[in-house]
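Below is one structure, written out as structure tokens, with a few remarks after it.
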Amino acid sequence: MPTDASLGHGLHAVRLDGPTDLDGFRRACRSLVAQGIRPEQVTWEISATSEREAAAEPDLFGGALSQANEHDAVDAGAGTAHDDIAPGEAQALRVPAAFAALCGSAILHRDPARFALLYRLLWRFQRESGLRQDPLDADRMAVSRLAHAVHRDLHKMKAFVRFTRIKPDAESAPDSEPDGPAALPLHVAWFEPEHHIVEAIAPFFMRRFTQMHWAILTPERCVRWNGSRLEFGPGAGRDQAPPPDAGEALWLTYYRNIFNPARLKLKMMQKEMPKRYWKNLPEAVLIAPLAARAHQRSAAMIASAPTMANRRRVVLMAPLAVPALAVARPTNIAELRAATDRCRACPIGEHATQSVVGEGPLPARLMFVGEQPGDQEDLRGRPFVGPAGQLFERAIGELGWARDAIYVTNAVKHFKYELRGKRRIHKTPSQQEAAACLDWLEREIELVQPAALVALGATAARSLLGAPVAVMQERGRWQARADGRQVLITLHPAALLRTDPAERAAAYLRWLDDLRLAAPFAPGPTG
Ligand code: URA
């Protein structure tokens with residue numbers, strides 16, 4: 001079969017490393033332009049990383065390519081005839097600055113003709129000086145349409161990915177001892193993007209959910225964040241995604257409650273939330289029934305008398321909705337961890353990564369109780385490992401006590417925080433939240449059987465003694481619990497970290513004096 005004699009060149013088949021191989025595409029373009037190879041002489045193919053991709057990306061000019069064996073083949077990824085061109089020989093490509101950015105987006109489009117289109121436009125930019133001034137040129141408009149569709153797909157993926165919490169992430173807890181560090185839960189989402197956007201969107205989810213371990217499964221590509229790096233893998237099936245969880249039920253309740261029938265604009269809603277996404281959006285099942293009743297509900301709202309806004313009342317939370325121990329009575333610390341992890345007797349647990357229970361020997365003569373896990377503790381599943389924990393460890397070290405010989409825990413088992421930007425700022429748990437955790441703390445005391453306890457701060461003192469304690473007045477004193485155990489009152493180490501630097505050294509020495517009072521119950525010296 002003769003080559004296209006009128007052009008005087010053979011056909012060139014460019015093979016890219018994958019559907020989003022922008023570097024390979026750029027390299028190939030530079031090389032093709034340098035050799036004066038016209039767009040119509042080039043066929044573009046993807047060396048498929050999976051059969052699915054191969055099926056999804058048929059060769060643009062199948063017939064021509066199969067005849068092209070005798071002609072040049074350009075492998076854009078793996079060093080090619082064209083890569084042999086010295087950089088100096090390859091002429092610099094002249095393109096408007098905006099074209100490069102547009103190209104980066106358009107290449108993610110699913111249309112198999114995108115490479116041919118982009119190369120044709122690139123080629124024309126080298127030769128047609130008027131093209132820059134012609135935004136209505138058909139090729140330029142076609143590339144803009146591709147980039148626009150990709151941006152829309154990226155936007156939809158940001159909005160419609162819904163994670164389901166499935167199980168501890170085995171990788172986050174290599175240590176499988178029952179009392180070893182708890183594994184972080186893994187959050188998994190299933191999504192079906194229209195275009196090849198998984199790699200492009202992954203950094204967004206990494207920044208947005210840095211603290212979580214998560215995976216997003218899609219038919220073409222999967223991505224996973226393990227807390228320190230993004231990993232990509234081949235596509236998955238819908239059946240590999242987890243079924244709905246309790247969090248989803250909560251989300252549906254929330255969605256139902258925020259749905260305002262008087263504001264329903266179905267067309268607008270469908271534009272924002274196109275139907276093709278509905279099958280993977282748990283809330284979509286609510287749209288039809290809520291929309292069907294919207295008219296009736298807004299008519300009822302209009303007909304009913306106005307209600308006066310209540311003045312803000314402080315209402316003490318009802319006693320625990322579900323007394324924690326009515327659900328389960330842990331017989332060891334591992335069971336306590338599992339039970340507190342599931343506990344939703346107060347709202348804190350819903351937002352924490354995991355529960356954090358105490359650690360130390362069983363039994364232990366001395367038990368320290370802090371307030372609640374902080375950011376680091378929440379992520380690592382261990383008490384007192386953040387800045388306050390380091391100060392605590394230094395103090396007991398200076399007193400000559402080995403950390404692993406004392407039991408250290410918190411009154412509240414989940415991290416309560418407020419999001420400020422990307423930072424999770426510690427919030428003191430309310431009395432009701434601490435009360436919701438009381439059953440767990442008491443069960444932990446039964447399991448640890450300490451001879452004495454140290455309350456670090458007001459929350460711990462109140463939980464241990466069942467009444468408010470003025471810590472600054474009572475510090476350095478022992479008080480008796482209802483079970484007869486003695487509790488030493490002192491400050492929380494975080495209070496020392498907040499002390500004026502000029503006074504911190506003296507405050508620290510005074511705190512050491514408080515702690516030293518527990519020496520009769522303390523373990524032997526370190527080392
Ligand atoms: N503060 C606490 O009270 N407990 C911890 O585990 C960490 C900080």
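Here are the numbers for this structure:
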{"item": "Calculated on alpha-carbon atoms, Rg and Dmax of segment 399-527 in Å", "result": "15.5, 46"}
{"item": "Accessible area per residue in Å² at 1.4 Å probe, computed on segment 324-521", "result": "43"}
{"item": "Peptide ranges 213-222, 151-160, 232-241 listed from the most packed, as the mean C-beta count within 10 angstrom indicates", "result": "213-222, 151-160, 232-241"}
{"item": "Heavy-atom accessible surface of segment 324-521: percent carbon and sulfur, 1.4 Å", "result": "52"}
{"item": "Among beta bridges that DSSP assigns inside segment 324-521, antiparallel share in %, nearest 5", "result": "40"}
{"item": "DSSP beta bridges in segment 437-510 [antiparallel fraction, %, rounded to 5]", "result": "40"}
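The values are calculated or read from the model by the stated rules, or taken from the named source; none is laboratory data. What you see is a predicted model, and the numbers here were worked out from it, not measured in a lab. FYI the Cβ positions are ideal-geometry reconstructions off the backbone, even for glycines, and counts take in every protein chain you see. Quick note on the areas: whole protein, heavy atoms, side chains included, nothing else; ligands and nucleic acids left out. Shrake-Rupley method; radii C 1.70, N 1.55, O 1.52, S 1.80 Å.
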